[in-house]
Structures are given as structure tokens and as C-alpha cells.
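The values are calculated or read from the model by the stated rules, or taken from the named source; none is laboratory data. Model, not experiment: these values are computed from the prediction. In this analysis, Cβ positions are derived from the backbone assuming ideal geometry, glycine residues included, and neighbour counts consider all displayed protein chains. In case anyone asks, the SASA skips ligands and DNA or RNA and just uses the protein heavy atoms, side chains included. Shrake-Rupley method; radii C 1.70, N 1.55, O 1.52, S 1.80 Å.
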Amino acid sequence: MRRVYLDHSATTPVDPEVASLMMTYYTEKYGNPSSIHSFGQEVRNAVEQARHQVAALIGAKPDEITFTSGGTEADNMAILGVADAYRKKGRHIITSAVEHHAVLDTCEYLAKNGFELTILPVNEEGIVSVEDLAQAIRPDTILISIMHANNEVGAIQPIADIGKLAQEHKVLFHVDAVQSLGKIPVNVKEMNVDLMTVSSHKIYGPKGVGALYIRKGIRLVPLFHGGGQEKKRRSGTENAPGIIGFGKACELAGRRMAAEAAELKILRDKLLQGILDKIDYVKVNGPLGDSRLPNNVNVSIRFVEGESLLLSLDMLGIAASSGSACTSGSLDPSHVLLAMRMPHEIAHGSLRFSLGRQNTEEDIDYVLEQLPKIVERLRMMSPLYDQMKQAQ
Amino acid sequence: MYSAKVMDHFMNPRNVGEIPDADGIGEVGNAKCGDIMRIYLDIEGNTIKDVKFKTFGCGAAVATSSMVTEMVKGKTIDEALTITNAAVAEALDGLPANKMHCSNLAADALHEAIKNYKEKEKAKG
């Protein structure tokens, strides 16, 4: 059976070049980078090279990069670390309704522990308004945390405008760039970003590695205390093979990004247009054109439920994801779609395809051949589809 | 995630459709929570002669609907009333824990359909 992976926003395969480099640091060069002997120092050098590679992809200096166990840890480190270090300056934090749970839940934890939280709404395309943000900033605001690109609907936020505003008001600005890294240009200096979360496994690097960019001069209380690694910002023996793999993945992403994004956009638009041409009662979720990640397609297919779509696609070898409640383990559909003011029943029928490096036009043709048949089968079973037909 | 039996009933659901002028119709769930199950019964004497369903929902919702129609066909009303949601799940070799509450409502839909039939019969006198 043909297998088509269209869930790259969940995770990506590790690039073979990355994997083979990493293997060396598991079996041959296994020293602890904190050791002064040559076994340690050869690994230390490779870890520092990785720091350069990550920094280069986001326009930072190497000593502004702290490696973590992934995006979630970096988000927690940024938000909890700033809150703790700057609590005497103020206790107000601003974020948005469409953030990843690693940001939203961390902010909500702080809101239960003496901080005040403003959660900015988004428009129907999932984009935050800079004017809303300007109005939300208070004298006691210490942190703004807004994602660069949304993981579900691919909406790209006006990060440079927000950065400018944050700088004018002398408020620290954290950006979760997990989904945008390697897909669209990211530059912490041009965007006036103070803290930025990045993750390895979304850019063809290994899982379990990420980094937090911390602009020079920013104070941060660490999450982990211990051996004082990463300039005391993140104690614990470095995941050297992972870090080195992440560095390599960043280097490859920097080299390939422009060409890859152009190719992905063509496939993305072919898939979206094909779905709209072949299936009726479909709503596009998120913005169109340049405000959208080059690899993201998100649609709501009316009168069918998302998990049923995913299972049916999976039986044909196609991997996608959905914001339906049934796939989230909760009773509510995606908080992102609800924040975009989508009714529950339409959010339940949402379907996300996230494209990647190895996808081909044939993959898209295969999806466009199979998906309409799946939708037809499920609609035949759906009492909602009947109701709509009868109402007509 | 799902048993082979659930996947079989999801991919090849039994008794999908409607019964025109059904003797009893039962519906549970709502579009907001993501599951709607509707069961149609054709009853002769005291026996369920035919049963059909339409369901909007996840894999478990479709599979439990399909399974309950198989379990109930040819049964008497009293026998049908003893079928529980748990028995439907068991007949499917179990459901994931998070599906036991939200999507395992097919027996409820069946019981609603029987209730609807009894009300109609009562109205006829």
C-alpha cells in the first residue's frame, strides 16, 4: 500500500545526514562535554558548533542559545523564568488564545499563582491584532508571549510589529517559533525578539532537543538546578548527540529553506484547490497566501467528524491530523479553531495536512483521489448531511 | 488504538441507512459534542424485524452503532432493552478508555427508539 505522510507539523523524519552524524556521538565520541579530557573536549567542540548552527538560523549569537529537552521545556523556561526573575517589576503577562498548550497552560499556571494574565483574541483567520495588544499593555506588564506561526492553521503572526511595540514599552517578548523555524525566515534581531523557542524534531532533527534563545542581558531563573551546565541556565548533562543532530538539521534547513518553501507552496495550493474543487461544503481554516505557512492545509469538511476522516485516511496509508475533540482526548474541539469563532460542529470536522520535504505531486494526487470517496462514504452515514439536504 | 473488530465495523458498517415510516426512531448526542446517533426500528408483534442507523461521529461512534444493530436484529423488545452500552463495547472487544463515555451511546439510542415505539403504540390506543 502507498504510504503518504502529511503530518510534518506533528513531527518529521530525521534527515539521514543528521542521523549518521548523531550515531558517531553515541558509539564513538561519547564523552561528557563537561570533562576536561579529550573524550569530553571533542564532544564539547561539537556541541559548541551546534550552538553556532542554531544561532545562525535565527540571527542570534551563539552564547544566546540554551539547549533544552524540546519546545515545551523552552516555553516553560522562558515564561516561568522571566516571571520569577521580573516579579518585582510587575505581574502582568500577555499571550494569545491560539498559543500552543506549552505556553497557554504555563501562563495559566502563573495566573493561579499570583500573576495576572491577558489572553488576546484572534480574528477569524487566527491572527492577533497589534492594536489589541497595544491596548493590553500595562505599566506592570513584564512579558508578551506570542507564537510566530500557528501549528494548526498555519497563521503567521505580525511578529516584527509586536516586537517593535514590546520594545517601545520595554516589555520582554517571547516567541514560540517551533512551527516557523526552517519554513520561513526567522530573525530575532529584525523582529525585536527577546526570547525564542525552537525545536529540533519539526525540522528533520531528533526528538527530545530544543533550544531557547535568550537575548544577552536578560535575567532568567532556571527550571533545573544542579551541575550548572549551559551557563547555569539548564543543569543536567547535555544530550550531546541530540544537540549535535539539531545543529546539523539547522544548517541543512538554512541551506534548503528558500527552495523547499517554494516547492511546498505549490503542493499546498494544489492540495487545497483540489479539495475545494472535488468536495462541496468545505471551509478553509486560517489565512490564505503569504500569511500562511508554506506547508499547511487546514479545512473543515462539513457534516463529517475528524477522527472518522483520519481513520479512513489511515486505512489508505495517508497520515493527517484533526482538531476534533475525539482526537484530543477532551470533550472540546481545538482551542485554536474555537478562538477563531468556529462553531463546535464545524471544528469537529477539521482536517490538517502538513507537508514536508519528501512529499511529491503524486502524493497529493493520491489524497485528492481518495479523500472525496471517504467524505462521500461518511456523509452517507451522517444524519447531519441528511438534515442539510432535507432543509434545501 | 482500536480493536480489529471496531475497525471492521467502522470500515464496513452493518445496517447503515433509514427505514421509511419506522415504528420507532431514537436519537442521542448532539453535533456540539461531536457525536449523533440515530436508530430506526421496524417492529412486528414484539420482534425487531429490521434496524438501521445513521451516525455522525468518531470511529467508536460508528462501530458501536453498527454493532448494536447486529445485536438487536430479530430480538424481542424486552431482550433489546437488556442490551447495555457496556455490552456493545464488549462485543467489539473493548473500546479505549476515553471513548467509553463520549462515544459509547449506541444502546442508549436503541432504548430511545424503543421508547419512541412504545409511545406511538400508546397513542394509537
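Scanning the range A:362-391 for residues that are within 12 Å of chain B (Cβ to nearest Cβ) and in contact (Cβ under 8 Å) with a residue 12 or more places away in the chain yields A:Ile374, A:Arg377, A:Leu378, A:Arg379, A:Ser382, A:Leu384, A:Tyr385, A:Met388. Reported count of residues in the range A:330-351, each being modelled with pLDDT of 95 or more and among the β-branched types (Val, Ile, Thr), is 1. Among the residues of the range B:101-118, write down those that are open to solvent by less than 70 Å² (accessible area, probe 1.4 Å) and over 13 Å from the mean Cα position of the chain (by Cα). Answer for the range B:101-118, where residues must be open to solvent by less than 70 Å² (accessible area, probe 1.4 Å) and over 13 Å from the mean Cα position of the chain (by Cα): B:Cys102, B:Asn116, B:Tyr117.
Residues that are buried (at least 17 other Cβ atoms within 10 Å of the Cβ), in a helix (DSSP H, G or I) and among the aliphatic types (A, V, I, L, M) within the range A:262-280 comprise A:Leu264, A:Leu267, A:Leu271, A:Leu272, A:Ile275, listed in sequence order.
Name the one entry in B:Thr47, B:Thr55, B:Thr64 that is farther than 22 Å from A:His348 by Cβ, at pLDDT 95 or above and of a type in the set (Ser, Thr, Tyr).
Working: B:Thr55 fails: farther than 22 Å from A:His348 by Cβ; B:Thr64 fails: farther than 22 Å from A:His348 by Cβ.
Step by step, each of B:Thr47, B:Thr55, B:Thr64 is checked, and only B:Thr47 is farther than 22 Å from A:His348 by Cβ, at pLDDT 95 or above and of a type in the set (Ser, Thr, Tyr).
Within 23 Å of B:Glu18 (Cβ to Cβ) and open to solvent by 10 Å² or more (accessible area, probe 1.4 Å): does that describe B:Glu121? Yes: the conditions hold for B:Glu121. Among the residues of the range A:87-101, is any farther than 20 Å from A:His174 by Cα and free of Cβ contacts under 8 Å to residues at least 24 places away in the same chain? Within the range A:87-101 (the criterion being farther than 20 Å from A:His174 by Cα and free of Cβ contacts under 8 Å to residues at least 24 places away in the same chain), the answer is no, since none of the residues qualifies. The residue list A:Val221, A:Val209, A:Val188, A:Val198 contains one member that is of a type in the set (A, V, I, L, M, F, W, C), farther than 30 Å from A:Ala19 by Cα, touching a Gly at 6+ places or on another chain (Cβ under 8 Å) and touching a residue at least 24 places away in the same chain (Cβ under 8 Å), which is A:Val221.
Can you name the strands (runs of 3 or more DSSP E) wholly within the range A:111-193 that have at least 3 residues being open to solvent by less than 30 Å² (accessible area, probe 1.4 Å)?
So the answer is A:141-145, A:172-176.
Residue check, B:Gly45 against (1) open to solvent by 20 Å² or more (accessible area, probe 1.4 Å); (2) within 11 Å of chain A (Cβ to nearest Cβ), all met but one. Which one? So B:Gly45 meets the others, but not (2). Restricted to the range B:1-24, and to residues that are crowded, with 18+ Cβ neighbours inside 10 Å and within 12 Å of chain A (Cβ to nearest Cβ), which residue is farthest from the chain's Cα centre (by Cα)? Top of the filtered list is B:Tyr2.
Listed here are the residues, each with its yes/no results for (1) more than 14 Å from every other protein chain (Cβ to nearest Cβ); (2) of a type in the set (Val, Ile, Thr); (3) touching a Leu at 6+ places or on another chain (Cβ under 9 Å); (4) free of Cβ contacts under 8 Å to residues at least 24 places away in the same chain.
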{"position": "A:Ala259", "(1), (2), (3), (4)": "yes, no, no, yes"}
{"position": "A:Gln273", "(1), (2), (3), (4)": "yes, no, no, yes"}
{"position": "A:Asp277", "(1), (2), (3), (4)": "yes, no, yes, yes"}
{"position": "A:Val282", "(1), (2), (3), (4)": "yes, yes, yes, yes"}
{"position": "A:Asn285", "(1), (2), (3), (4)": "yes, no, yes, no"}
{"position": "A:Ser300", "(1), (2), (3), (4)": "no, no, yes, no"}
{"position": "A:Val304", "(1), (2), (3), (4)": "no, yes, yes, no"}
{"position": "A:Glu307", "(1), (2), (3), (4)": "no, no, no, yes"}
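For A:Met315, the stated conditions hold: it is surrounded by fewer than 16 Cβ atoms within 10 Å (Cβ to Cβ) and either at pLDDT 95 or above or not small (Gly, Ala, Ser) (or both). Considering the range B:30-125, the qualifying helices (runs of 4 or more DSSP H), each wholly inside and each with 1 or more residues that are touching a Ser or Thr at 6+ places or on another chain (Cβ under 6 Å), free of Cβ contacts under 8 Å to residues at least 40 places away in the same chain and among the β-branched types (Val, Ile, Thr), run over B:85-91. In the range A:355-378, the qualifying residues are those that are among the charged types (D, E, K, R) and under 24 Å from the mean Cα position of the chain (by Cα), and the one that is nearest to A:Leu311 (Cα to Cα) is A:Asp363.
Here B:Lys32 meets each of (1) within 14 Å of chain A (Cβ to nearest Cβ); (2) farther than 27 Å from A:Ile374 by Cβ; (3) not aliphatic (A, V, I, L, M) with one exception, condition (2).
Okay, residues lined up against (1) hydrophobic (A, V, I, L, M, F, W, C); (2) under 24 Å from the mean Cα position of the chain (by Cα); (3) open to solvent by 80 Å² or more (accessible area, probe 1.4 Å); (4) more than 15 Å from A:Gly247 (Cβ to Cβ):
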residue: A:Thr11; (1), (2), (3), (4): no, yes, no, yes
residue: A:Val14; (1), (2), (3), (4): yes, yes, no, no
residue: A:Tyr30; (1), (2), (3), (4): no, no, yes, yes
residue: A:Ser34; (1), (2), (3), (4): no, no, no, yes
residue: A:His37; (1), (2), (3), (4): no, no, yes, yes
residue: A:Gln49; (1), (2), (3), (4): no, no, yes, no
residue: A:Phe67; (1), (2), (3), (4): yes, yes, no, no
residue: A:Glu73; (1), (2), (3), (4): no, yes, no, yes
